[in-house]
1. Could you please find all residues in region B:140-164 being surrounded by 16 or more Cβ atoms within 10 Å (Cβ to Cβ) and small (Gly, Ala, Ser)?
2. Filter region B:107-139 down to residues that are open to solvent by 10 Å² or more (accessible area, probe 1.4 Å), hydrophobic (A, V, I, L, M, F, W, C) and touching a helix residue (DSSP H, G or I) at 6+ places or on another chain (Cβ under 9 Å), then give me how many there are.
3. Restricting attention to region B:102-136, report how many residues are in contact (Cβ under 8 Å) with a residue 60 or more places away in the chain and more than 14 Å from every other protein chain (Cβ to nearest Cβ).
4. For region A:52-65, state whether one or more residues are open to solvent by 20 Å² or more (accessible area, probe 1.4 Å) and over 28 Å from A:ALA199 (Cβ atoms).
5. Name the single residue that is least open to solvent (accessible area, probe 1.4 Å) among those in region A:22-42 being of a type in the set (S, T, N, Q) and under 15 Å from the mean Cα position of the chain (by Cα).
6. Could you tell me whether any residue of region A:244-256 is within 14 Å of chain B (Cβ to nearest Cβ) and out of contact with any Phe, Trp or Tyr (no Cβ under 6 Å at 6 or more places or on another chain)?
7. B:CYS77: within 12 Å of chain A (Cβ to nearest Cβ), at pLDDT below 95, more than 17 Å from B:GLU157 (Cβ to Cβ) and under 15 Å from the mean Cα position of the chain (by Cα), yes or no?
8. Identify all residues within region B:103-123 that are charged (D, E, K, R) and modelled with pLDDT of 95 or more; write none if there are none.
Amino acid sequence: MLQKKDVVVVGAGPAGLAASIEAGKAGASVLLVDLNLKAGGQLFKQIHKFFGSSEHRSGTRGFDIGNQLLDEAKEAGVEIWLGSTVIGLFPRMKVVIEKGMDSNKKEVITVQAKKIIIATGASENVIRFKGWTIPGVMGAGAAQTMINVNHVKPGRRVVMLGSGNVGLIVSYQLMQAGCEVVALVEAAPKIGGYAVHAAKIRRAGVPIYMNHTIVEAIPGEDGCVSKVIIAKVDSNFMPISGTEKELEADTVTLAAGLKPSVELSKLMKCECTFNGVFGGSIPLHNESMETSVEGIYVAGDSTGVEEANTALEEGKIAGISAAEALGYLTAEEGNKERTEIWKRLDALRMGPFGERRLAEKNNILEEYRIRVGAPSKEELMEVDDDVDD
Amino acid sequence: MSMINTGFLEYDELAEMQKMPTDERYAKGPVAVIECVQEIPCNPCEAACKLGAIKIGEPITNLPILDGDKCIGCGICVAKCSGLAIFIVNKVYSATTATIAFPYEYSPTPDVGLVVEAVNRRGKMICDGKVVKVMNPLSFDHTPVVTIEIPKEYADEVRSMRRG
C-alpha cells in the first residue's frame, strides 16, 4: 500500500533534521529517511565546540547539537526511518524506500510525497598513491567515526594528509583519543583551515609539512601500513625526487575535501552546475532552496560543501518553503523567516574563509534565475501518465 | 602572514594584528590574551564575558577586541572559545614568576602541584611549569582550564603543556 506524507526528507544530518523540524512544526506530516542507524549525520562525530553565532548554538559541541535536534524533531512529530535508503524517485513524487536494511524485516515501501527535500550530504575525496589500498589507509571521516563514535583507535601513529578544517580537527581529536599524529602533510603552500585549529595541533607538537605530499604507504610483514614516504612537491604538486622522508606510522588518514552527493538530484533531472568552491557538480536552487523541479528542494552539503551551521540554516529554509508551498505557512510568514535566515547565512559566509562561498552562492542563485527562472513540473510527469499507483 | 603557512604566530606578530594587553594592564594582574587573528564567523567569547570586556558585534566575523579595564582574568572565555585561542596571562604572579592559564582537553587532566613541561606555540618545551590551578566546572563543558606557574620571562611564549 502506498503511504502518504506531505514532506519526505532524505538524509538526517543537520540540513535534513533542520528541514524536517521546520516543516513538522508548521504542521506538515514529515518522513525523514536515513541510511545510518542513528540520525544526526556527521554531528555525532563532532566532539569539538562549534563556531558560529552564540545565538545559534555555537560554543556547543556537535554531538550535543545532534541530541538537541533529535529532541526537536520528536517534538515536531517527525517520523524517522533509520537504516533505510531511498532506492528510487519516481514520477509524481513517489519515493521508493528500502526500509530496515540491516534487519530481517527489510521491506520496500513506496511513499507518496507532496514535497521532497534532498539533504544527502557529501562524500570524501580520495588521494591515490602507491599503497593507498593497504589496510591502515582511510578517510579522515572514517578515523573520526572510529574514535568518536565507536571508541576504537585506528592506529597508534597517524600521518594526516590535508590541512583543511577536517584534517586539522581530526588530527586534534586523534590526539585526544590517545593516538600520536606524526605529521600533517599539505601539498599547498598554506594551511587550508582555520589558523586556530592549526595552532591547537602545533601547540601539541605536531609537525606540519607544507608543500609536501604522500608518495607511498609501505606495508609491514602483516600487510598493514608500517612506513609512510612523504616528499616535497613542486609548483605543479608533483613530488620532487630526492626530497623523500620516511615516517614510522601505522595509519594514514586522508582529508582531501568532500564532494556533494547529487545522485538523487540528478535522478530527478534537477538542473546542475559545476562549482569548484562548493566541491563539484551541484543542483541549482533559488532563495527557497527549491531546485529546477517543482517540489524538490535541496539543502546542506548536497548542494555545496560547507559546514554544519550553513547546512542547518539552509535546511530550515527548505523546510519552511516546503511547508509554505503546502499552505501550512502564509507567504508573509515564509518570506519573513527566509529573510532572517539568509541574513544569518550571509554573516556565516563573511570573512576570508567565507567570502568566496558568499560570492559563489550568489552566482548559483543568479544562474538559477537565468537558466531556470521558476521551477517547472517534473519532466516525466506528463509522459508517464499510466504509472500505476 | 606566517600563521597560515606554519600554524602559529609569535607574540610580536600577534601584537601587530591584534590588540594585546598593554604593559600597564599586565602590571595589574591576570588578563585575557586573545590569539584570534582571522575573521571567522564565531562569537561565543563575546557572550561568555559577563563583564562585557570582549566585543565582536556585527558582523560576527569581526575580530574580538578586549577591553583590558573591564577584564578581570577570570578565565571563563578560555573555556568558551571554540578555537581554544584565549589564554589568561598573569605577569605579576610573584616577583619572579608568571602564570599562564590555557584550555587543556586531553586526558588525563593534570592535578594541582604537578610539574609539567611548559611548551610554546609550536609545541617546543621551554621550561618546567607547576600546575597551580585547574578549573573544570560543568559550565566549561569538558574544557578544563589549567594554570601553570613559569619563570616570568617566558610569559609571552609559553601557551600549553606537553601531553602526559
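1. Of everything in region B:140-164, those that are surrounded by 16 or more Cβ atoms within 10 Å (Cβ to Cβ) and small (Gly, Ala, Ser) turn out to be B:ALA155, B:SER160.
2. Within region B:107-139, residues that are open to solvent by 10 Å² or more (accessible area, probe 1.4 Å), hydrophobic (A, V, I, L, M, F, W, C) and touching a helix residue (DSSP H, G or I) at 6+ places or on another chain (Cβ under 9 Å) number 3.
3. Restricting attention to region B:102-136, the residues satisfying the condition of being in contact (Cβ under 8 Å) with a residue 60 or more places away in the chain are B:121-122, B:135.
Going one step further and asking which of them are more than 14 Å from every other protein chain (Cβ to nearest Cβ), we end up with B:135.
Result for region B:102-136: 1.
4. no
5. Across region A:22-42, the extreme among qualifying residues is A:ASN36.
6. Within region A:244-256, not a single residue is within 14 Å of chain B (Cβ to nearest Cβ) and out of contact with any Phe, Trp or Tyr (no Cβ under 6 Å at 6 or more places or on another chain).
7. Details: within 12 Å of chain A (Cβ to nearest Cβ): yes; at pLDDT below 95: no; more than 17 Å from B:GLU157 (Cβ to Cβ): yes; under 15 Å from the mean Cα position of the chain (by Cα): yes.
Taking the combined requirement at face value, the residue does not satisfy it.
8. Here is the first cut: in region B:103-123, the ones charged (D, E, K, R) are B:105, B:111, B:117, B:121-122.
Within region B:103-123, B:GLU105, B:ASP111, B:GLU117 meet the criteria.
The values are calculated or read from the model by the stated rules, or taken from the named source; none is laboratory data. Since this is a predicted model, take the numbers as computed values, not measurements. Here Cβ is always computed from backbone atoms with ideal geometry, including for glycine, and neighbour counts include all displayed protein chains. Areas reflect the complete protein model, heavy atoms only, side chains present, ligands, DNA and RNA absent. Shrake-Rupley method; radii C 1.70, N 1.55, O 1.52, S 1.80 Å.
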